[in-house]
Amino acid sequence: MEMPAIPQPTFYIFKCEQSSPPGMPKPSCVTQESRDLFGYLSQNMMQKGLMGPVQVIRTSCLGRCQMGPVMLIEPGHHMYCQLSKEKIDRIVEEHIIGGNPVREFLIPDQFWGEPVNLSQ
Ligand code: FES
């Protein structure tokens, strides 16, 4: 018996959930003010019926701590920075549902240069 194919997710959202220990000078994505963003994003997805086609994943540090809170959307290597609930609302509407990345919320180029070509 042939099994039906399970569709790939349309998007993966990797939300950095790293927090620094108290007193650590290095910035991190999860602070007292930003700690509910993952829950907010997940709830937003559920309410819109997007869970499944969109996989929301907690990650540790994505290496852009000074621009946090950050999340990476694949495909496309779209890194969103300095997130807030308002930004998440627009990213879900315009990028996830509408298919158009919200350019003004993407990390600046000086923090997100072209990837290193490993085949040379
Ligand atoms: S702590 Fe989030 S990118 Fe480093």
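Quick note: the coordinates plus some simple rules give every number you see, no bench work behind them. These numbers were taken from a predicted model, which means no experiment stands behind them. With ideal geometry, Cβ positions are generated from the backbone for all residues, glycine too; neighbour counts draw on all protein chains shown.
Listed values, structure above:
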read-out	value
Cα lying deepest toward the dipole's positive end in the stretch 44-104, options I57, P75, P101, charges on Cβ	I57
Gaussian network model of the chain, springs between alpha carbon atoms under 10 Å - residue of P53, P69, P22 with greatest fluctuation	P22
Size of charge dipole - the chain - debye, nearest 20, with Cβ of Lys, Arg +1 and Asp, Glu -1, no other charges	280
Calculated diffusion of the stretch 16-62, Stokes-Einstein form, Kirkwood radius summed over Cα pairs, 25 °C and 0.890 mPa s, µm²/s	206
The chain - Cys residues lacking any other Cys C-beta under 4.7 Å	C61, C65, C81
Fluctuation leader among G99, G23, G39 - the chain, Gaussian network, Cα springs under 10 angstrom	G23
Scattering curve values for the chain, log₁₀ I(q)/I(0), Debye with Cα scatterers, q = 0.12, 0.21 Å⁻¹	-0.47, -1.22
Rounded to 10°, Cα long-axis angle of helix 37-47 versus longest principal axis of the chain	20
Top of Q55, Q18, Q66 by mean-square fluctuation, Gaussian network on the chain, Cα under 10 Å	Q66
Value of relative contact order over the chain, rounded to a whole percent, pairs C-alpha under 8 Å and six or more apart	27
